[in-house]
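Below: one structure, written as structure tokens.
The values are calculated or read from the model by the stated rules, or taken from the named source; none is laboratory data. Quick caveat, the model's predicted, so the values are computed rather than measured. FYI the Cβ positions are ideal-geometry reconstructions off the backbone, even for glycines, and counts take in every protein chain you see. Heavy atoms of the whole protein, side chains included, go into the accessibility calculation; ligands, DNA and RNA do not. Shrake-Rupley method; radii C 1.70, N 1.55, O 1.52, S 1.80 Å.
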Amino acid sequence: MEVVIAPAEELAVLAADAIEALLQQRPESVLGLATGSSPLKVYDELARRHEQDGLSFARATGFMLDEYVGLAADHPERYRNVIATEIADRVAWPAERVQGPDGLAADLPAACAAYEDAIAAAGGVDLQILGIGTDGHIAFNEPGSSLASRTRIKTLTKQTREDNARFFDGDVDKVPTHCLTQGLGTIMEARHLVLLATGRHKAEAVHQLVEGPVSALWPATVMQLHPHATVLVDEAAASRLQLADYYRQTYSSKPDWQGL
Ligand code: F6R
């Protein structure tokens, strides 16, 4: 696991560099998309490169990590709509090439199985962008999630609903109680995991993710078992890392030509 500690703007550039390199190497690459605040600067940087340098997403495929259950199709916080607004529409990504689990399906377990099939049919995810919850979730794999879990329905924790109330007029009662989420086993099959975390409120979760024992109590710790995982954190999110100096030393001595 590589840990990079840098200001948020630099982290966004590093993540965008990795995505751009992938798209240049193979325009048909499959990208895994997260919602929430953490990837927003990356999406801004990709939109800028699309506009200024012609970075194309036309042949790429996108798979979202998760979706709320039951939010109306036109609800602005429905993750499909968030992804359209924050990235897909800005980079002219054809709508049919970006998929998410269907939180409005009549048969939710069937929708989850279909989503797994769609990811597999696309050849799997090349690069998965991730954020981390203050309770250590990735996607919406809340504490207690099986480390081998697949796409399924999950109940959101009180903590996650409180954290996300800011997107729902500050009213926790408006935050859905359930979601569909890629499982930890699903996410672990992506070929490169790139997690972004900023702010002191993420410091404990980041410490557990990088340095804690692998445990369902802190689901993100499963990433320690991934052969190519990159953790991009600002100083505040890195503030509880015991080996922060070592991560800094390792990154500063890395050759320039080597990407994430
Ligand atoms: C969203 C998702 C979540 C968020 C996490 C952090 O698709 O998968 O795991 O990444 O809740 O959210 P922010 O970035 O808003 O702090």
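Taking a straight Cα-Cα cut-off under 18 Å and skipping sequence neighbours fewer than 8 places away in the same chain, the aspartates and glutamates within cross-link reach of residue 254 are 2, 10, 17, 245. Here the 3J(HN,Hα) profile of segment 12-25, calculated from phi with Karplus coefficients 6.51, -1.76 and 1.60 at θ = phi - 60°, is 5, 5, 4, 5, 5, 4, 5, 5, 5, 4, 5, 5, 6, 5 Hz, Gly and Pro shown as x. Charges were assigned to the Cβ only: +1 to each Lys and Arg, -1 to each Asp and Glu. The resulting dipole of segment 148-238 about its Cα centre is roughly 360 debye. Modelled this way, with points 7 Å down the Cα-to-C-beta line, the labels at residue 89 and residue 110 are 3.1 nm from one another. Protection proxy ranking, highest mean first, for peptides 36-44, 230-238, 54-62: 230-238, 36-44, 54-62, where packing is the per-residue count of other beta-carbon atoms within 10 Å, averaged.
Global size of the chain: 17.3, 53 Å for Rg and Dmax (C-alpha atoms, Rg to one decimal, Dmax whole).
Calculated on the Cα set of segment 183-260, radius of gyration then Dmax: 12.8, 37 Å.
For segment 208-224, putting each phi into the Karplus relation 6.51 cos²θ - 1.76 cosθ + 1.60 with θ = phi - 60° gives couplings of 5, 3, 8, 10, x, x, 5, 7, 5, 5, 10, x, 4, 4, 4, 4, 4 Hz, in residue order, rounded to whole numbers and with x for Gly and Pro. You can think of it this way: the chain between residue 147 and residue 217 has 24.2 nm of extra reach, that is 0.36 nm per residue less the Cα-Cα gap. For the pair residue 26 and residue 155, a Förster radius of 41 Å applied to the C-beta separation gives a FRET efficiency near 0.65, rounded to the nearest 0.05.
Note on the chain: GNM, Cα springs under 10 Å; of 102, 89, 173, the largest mean-square fluctuation is that of 173. Using the Cβ-Cβ distance between residue 177 and residue 256 with R0 = 45 Å, the FRET efficiency computed as 1/(1 + (r/R0)^6) comes to roughly 0.40. If we count every other residue with Cβ under 15 angstrom of residue 124's Cβ, Lys/Arg +1 and Asp/Glu -1, where does the sum land? Result for the local shell: -2. The residues of segment 15-128 expose, per residue, 42 Å² of accessible area to a 1.4 Å probe. Placing a label point 7 Å from the Cα of residue 118 along the Cα-to-Cβ direction, the residues of segment 163-196 whose backbone N falls under 14 Å of that point are 180-182.
For residue 174, the lysines whose Cα comes closer than 27 Å to its Cα, not counting residues fewer than 8 places off in the same chain, are 41, 154, 158, 202.
With all protein chains present, how much of the accessible area of segment 85-138 (probe radius 1.4 Å) comes from carbon and sulfur, to the nearest whole percent?
Details: 1170 of 2150 Å².
Percent of accessible area from carbon and sulfur atoms in segment 85-138: 55.
In order along segment 102-110, phi translates into HN-Hα couplings of 8, x, 10, 5, 5, 10, 5, x, 5 Hz, rounded to whole numbers, per the Karplus curve 6.51 cos²θ - 1.76 cosθ + 1.60 with θ = phi - 60° and x for Gly and Pro.
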